[in-house]
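Q: Please see the structure below; I have some questions.
Here, each number is a calculation from the coordinates, and none is a lab measurement. The structure presented is a predicted model; accordingly, all values stated were derived computationally and were not measured. Here the Cβ is made from the backbone with ideal geometry for all residues, glycine too, and neighbour counts use every protein chain on show.
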Amino acid sequence: MTESATRPEGLSAYIAVTAAYWTFMLTDGALRMLVLLHFHTLGFSPVQLAYLFVLYEIAGVITNLGAGWIAARFGLTSTLYAGLGLQVLALLALAQLDPGWAIGKSVAFVMLVQGASGVAKDLAKISSKSAVKLLAPSQDGALFRWVAILTGSKNMVKGTGFLLGAVLLATLGFVWAVLGMAAILAAILLAVLIAMPPGLPKGRKDTKFSEVFSKSPNVNWLSAARVFLFGARDVWFVVGIPIYFYAVLSDGTTEGNRAAFFMIGTFMAVWIILYGLVQANAPHILRASQRSEADLIGAARTWGWGLAAVPVMLTLAAVTATEQQMWLTLALVIGLLIFGAVFAVNSSLHSYLILTFTKAERVTMDVGFYYMANAGGRLAGTLLSGLTYQAGGLALMLGTAAGMVAASAITVGFLKRGEH
């Protein structure tokens with residue numbers, strides 16, 4: 001058992017960080033849905049909608065490298081406070097958006113604000129994910145359980161945020177929804193600043209930025225697999241599927257638009273919540289406490305190829321159907337929920353393995369490098385989501401997802417036991 005995990009203040013620190021991260025992810029999920037649906041109703045094309053999230057993902061790539069080093073040098077609480085504070089400022093800035101601006105100016109402004117939000121999210125993420133490695137007990141598969149609970153609960157909260165965003169947009173409107181979220185997050189930041197217990201590392205002043213880049217083959221291969229895995233999700237998740245569902249569900253009236261917002265938000269929320277539930281239960285599904293590291297590496301390969309089969313079948317359905325046929329919409333709902341469940345096991349395995357492969361003294365840097373790859377995958381998926389849907393509709397978008405999952409499964413095949 002790690003030293004900090006045996007002390008009550010260590011557990012208290014982990015709970016405080018996790019609670020703050022949950023609140024952050026609730027606003028993050030709500031903000032994504034607010035931005036997507038609000039600007040779609042203003043007439044933005046799928047490619048323009050994708051642009052709104054591009055800087056968010058680019059910021060994630062850069063921030064994860066820097067945040068790992070900052071946390072190692074100045075302590076995990078520094079990145080948590082910075083992330084919460086920056087998200088409050090980003091929300092306040094977004095409320096200043098003027099509906100009378102030209103589309104180009106609106107896109108540029110929202111991209112910048114979303115970029116700041118992306119920095120904020122990854123600063124907060126480094127604190128919570130690294131805290132697991134440092135504070136979790138070391139015996140009886142506790143690390144996998146703690147990782148699964150954190151990632152699963154975070155995604156359930158974020159899924160609730162998707163629904164919250166759609167509800168707030170339909171009831172309060174864009175500006176008041178954003179201001180309300182800023183107020184809640186500011187209150188959480190103040191509470192954490194006042195009440196944060198001891199228990200997290202204070203940082204190591206001699207940490208060099210060059211240490212961020214990992215020399216571990218397993219860390220590097222797993223990071224590459226993460227690029228393809230999350231690219232495969234976001235290629236349909238960010239723009240294509242919500243816009244397709246909006247086209248199917250909305251009749252163009254104000255009431256019809258509101259109903260479509262609720263249904264799309266509900267689906268996205270259910271998808272993320274299901275994803276989180278399966279993540280939280282991944283150790284039980286995989287019987288992880290009874291299996292060796294080598295077994296779990298093998299399981300990552302098997303589940304990777306199992307995931308690839310889902311978008312392949314959905315692509316075939318999209319090719320054979322006429323756009324917007326009801327049976328196709330039903331097939332997409334069922335198929336994407338299955339994708340979410342299998343994706344959750346893959347993601348949970350990856351999140352556990354990265355903490356297994358890293359060492360305690362460089363956990364923030366390896367986790368930062370890994371989530372830099374995660375953000376790189378989301379960036380690629382975000383760009384491809386708008387481009388593939390606009391260029392080739394559902395079939396091209398889903399086919400691209402299938403290819404990216406296959407690439408992830410191939411890359412996981414290079415992992416080897418003991419190469420940490």
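Q: If you place +1 on the Cβ of every Lys and Arg, -1 on the Cβ of every Asp and Glu, and leave all else neutral, what size is the dipole of the stretch 4-412 about its Cα centre, to the nearest 20 Debye?
A: 960
Q: Something else: Of HIS350, HIS38, how do they rank once you tally other Cβ atoms within 10 Å and put the fewest first?
A: HIS38, HIS350
Q: Here is a further query. Sorted from largest to smallest, which semi-axis lengths in Å does the alpha carbon gyration tensor of the stretch 4-412 give for its equivalent ellipsoid, taking the root of 5 times each eigenvalue?
A: Ellipsoid semi-axes (Å, largest first): 33, 26, 18.
Q: Using the charge dipole of the stretch 4-412 (Lys, Arg: +1 at Cβ; Asp, Glu: -1 at Cβ; taken about the Cα centre), state which of LEU123, THR382, VAL35 has its Cα farthest towards the positive end.
A: Most positive-ward Cα: LEU123.
Q: Let me ask another. Once the piece of chain linking ASP251 and GLN325 is laid out straight, how much longer is it, given 0.36 nm per residue of separation minus the C-alpha distance between them?
A: Answer, rounded to one decimal: 25.1 nm.
Q: Over the stretch 270-327, consider all pairs of different Cα atoms and compute the Kirkwood hydrodynamic radius from their mean reciprocal separation; express it in Å, one decimal.
A: 14.0
Q: In nm, to one decimal, how far is the modelled label at LEU112 from the one at LEU42, with both set 7 Å along Cα→Cβ?
A: Inter-label distance under the simple model: 1.4 nm.
Q: What is the spin-label model distance, in nm, from ALA294 to MET263 if the labels are put 7 Å beyond Cα along the C-beta direction?
A: Between ALA294 and MET263, the label points sit 5.2 nm apart.
Q: In nm, to one decimal, how far is the LEU92 label point from the ILE285 one, both placed 7 Å along Cα→Cβ?
A: The two pseudo-label positions are separated by 4.1 nm.
Q: Here's another thing I want to ask about it. At a 10 Å Cβ-Cβ cut-off, how would you order ARG258, ARG32, fewest neighbours first?
A: Ordered from fewest to most neighbouring Cβ atoms within 10 Å, ARG258, ARG32 come out as ARG258, ARG32.
Q: Karplus couplings for the stretch 306-312 from phi (6.51 cos²θ - 1.76 cosθ + 1.60, θ = phi - 60°), rounded to Hz, Gly and Pro as x?
A: So the J values, rounded to whole Hz, are x, 5, 4, 5, 5, x, 4.
Q: Determine the gain in length on full extension of the stretch ALA102-SER12; use 0.36 nm per residue of separation and subtract their C-alpha separation, reporting nm with one decimal.
A: 27.5 nm
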